[in-house]
Amino acid sequence: MRPGAVGPGPALAFDGGGTEYAVWGQFPLGGASTGTVEVTVRPPGGAFSAPRSLGPIDTPLAGGPPQMVADAAGDALVVWQAKDTAGKFWDPGVYQPAGGDFGAPQTLSPAHPVPLDLARSPRSSGG
């Protein structure tokens, strides 16, 4: 967590090569309604990278904090929920291919009327 911020998390994931990922939602102190999804990566035997912002996140986090999965090949995916102005939820995500970098947020699901429990994903390897 960066200084002067609050938020839920982190969710942790590990890939098959031993790389560790931590992802969390972060909001400025003072009750701001929009924050960012942050990630840090630690290669085997190394130190965690500086936190990197993956995209905006809304509060309240109706679907829970951001979640992350990683596979044996080293691919990683971060997902979270956002709420549009009509009160519908949608699910942005950011993908990192093995050996690559996290891309821009993409919409992973159409708008839906209730939040999904992202932590109950059957493929989750995170905390």
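Once both labels are positioned 7 Å from their Cα atoms along Cα-to-Cβ, the gap between Gln106 and Ala86 label points is 2.4 nm. A simple packing score, the average count of other Cβ atoms within 10 Å per residue, orders the peptides 52-58, 18-24 as 18-24, 52-58, with the highest score first.
Coordinate-derived values only; no laboratory data. Bear in mind that the values here come from a model prediction, so they are computed numbers and not experimental data. Glycine gets a Cβ as well: all are built from the backbone with ideal geometry, and neighbour counts include every protein chain shown.
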